Amino acid sequence: MREAKQYSRRELFTRFARTQTQVIHEKIVISNTCDNIYGYCESCSDSCQQQAITWLAESKPVVDHEKCTLCKECIISCYISAISIS
Ligand code: SF4
Ligand code: SF4
C-alpha cells in the first residue's frame, strides 16, 4: 500500500497562498497593438456580457477587473489578437 505524503503546516500554507496569488494576479490585458488606437473597433466591448470593457475614442479600451469574470469572449472577438490573459 502507498503511504500518503505528509505536509507540514508551513508547506500547506505556502501551497495554498501561492495558488491564491496566481488566481488573483490573472487579468485581461489589452496591448498597444489595439486597432482602435489608429482606426475604429469595438468588438471586444460588444462581446463582453459583463460590461467590463469601456470603449474609448482613439485609445485602447479599459477593462474593469472587478467586473471581469475571465470568460475570454473578448479574446475570441479581437481579430488582431490584441487581448490576452496575463
Ligand atoms: S474576459 Fe469576459 S468578462 Fe472579462 S473583459 Fe473579456 S469578455 Fe468581459
Ligand atoms: S477587439 Fe481588439 S482591436 Fe478591437 S478594440 Fe478590442 S482590443 Fe482593440
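Observations
- Taking every residue in region 44-56 that is on the phi > 0 side of the Ramachandran plot and pairing it with any residue that is surrounded by fewer than 16 Cβ atoms within 10 Å (Cβ to Cβ) and at pLDDT below 95, at least 6 positions away or on another chain, yields no pair with a Cβ-Cβ distance below 6 Å.
- Members of region 48-86 found to be surrounded by 11 or more Cβ atoms within 10 Å (Cβ to Cβ), aliphatic (A, V, I, L, M) and either in contact with a Cys (Cβ under 9 Å, 6 or more places away or on another chain) or assigned to a loop (DSSP other than H, G, I, E, B) (or both), listed by number: A52, I53, L56, V63, L70, I75, I80, A82, I83
The values are calculated or read from the model by the stated rules, or taken from the named source; none is laboratory data. Bear in mind that the values here come from a model prediction, so they are computed numbers and not experimental data. A quick note on method: Cβ atoms are made from the backbone with ideal geometry, for glycine too, and the neighbour counts reach across all protein chains shown.
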